[in-house]
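Encoded as structure tokens, the structure appears first; notes follow it.
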Amino acid sequence: MTDHSRPEHQQATASRRSLGLPLVAVVALALLAAPRVVLHDLDIIEEGTPLNAVFVFLPPLVWIAVVLVKRVPNPFLTILAVGACYGIVLALGHQLLWDANYGDDPPQLGGNLADLDPAVEAVIIRGFAVVSSVFTGVIVGAITGLIAWGLAAVTGRRR
């Protein structure tokens, strides 16, 4: 028997109401973009190739299709949340594959920061990489969300 008065149930219901999809679906949509992170960081696919384009554009197209088919109340907000989750996935992927990607030649700071302790330098560079990845995910979500919002408005695909 389900206790609908429990805070966990109320929170899950509130997020589903505002996003139009369960949180697990939002995360699953973000994970559709994870293979490109791995394939790119391991140099299995290269930028500018048709295969890379599939991995770049297919996940956001699926995001748009899902919010239109499900008629979520706010396609922009829903896909922005997917994009934020994607940014987290992107950051985690880059951090986990850091050594495989850079090996013995990681990025280094220059100028006045060139003489920093290597451990401090690594924390700074990796920290900026995390922020950059999350920002990238949010921007991808915002742009894709705007497209979905426009399509929903034109096609009448909102609740």
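Below is a table of values for the structure above.
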item: R71 being basic (K, R) and loosely packed, with under 15 Cβ neighbours inside 10 Å; result: yes
item: Matching residues in the range 15-33 - criterion: being at pLDDT 95 or above, surrounded by fewer than 20 Cβ atoms within 10 Å (Cβ to Cβ) and assigned to a helix (DSSP H, G or I); result: L23, V24, A25, V27, A28, L31
item: Residue check for A81: closer than 21 Å to R126 by Cβ, of a type in the set (G, A, S) and modelled with pLDDT of 95 or more; result: no
item: Failed condition for L116, given (1) at pLDDT 85 or above; (2) in a helix (DSSP H, G or I); (3) not basic (K, R); result: (2)
item: Criterion (farther than 27 Å from S18 by Cα, in a helix (DSSP H, G or I) and among the acidic types (D, E)) met by exactly one of D99, D105; result: D99
item: Test result for P73, of a type outside the set (S, T, N, Q), farther than 30 Å from A152 by Cβ and outside any helix (DSSP H, G or I); result: no
item: Boolean, F76 is exposed (fewer than 13 other Cβ atoms within 10 Å of the Cβ) and modelled with pLDDT of 95 or more; result: no
item: Yes/no for L68 being part of a helix (DSSP H, G or I), in contact with a Pro (Cβ under 9 Å, 6 or more places away or on another chain) and farther than 14 Å from D41 by Cα; result: yes
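The values are calculated or read from the model by the stated rules, or taken from the named source; none is laboratory data. Here the structure is a predicted model, which means the values were calculated and not measured. Ideal geometry is used to build each Cβ from the backbone, glycine not excepted, and the neighbour counts take in all protein chains shown.
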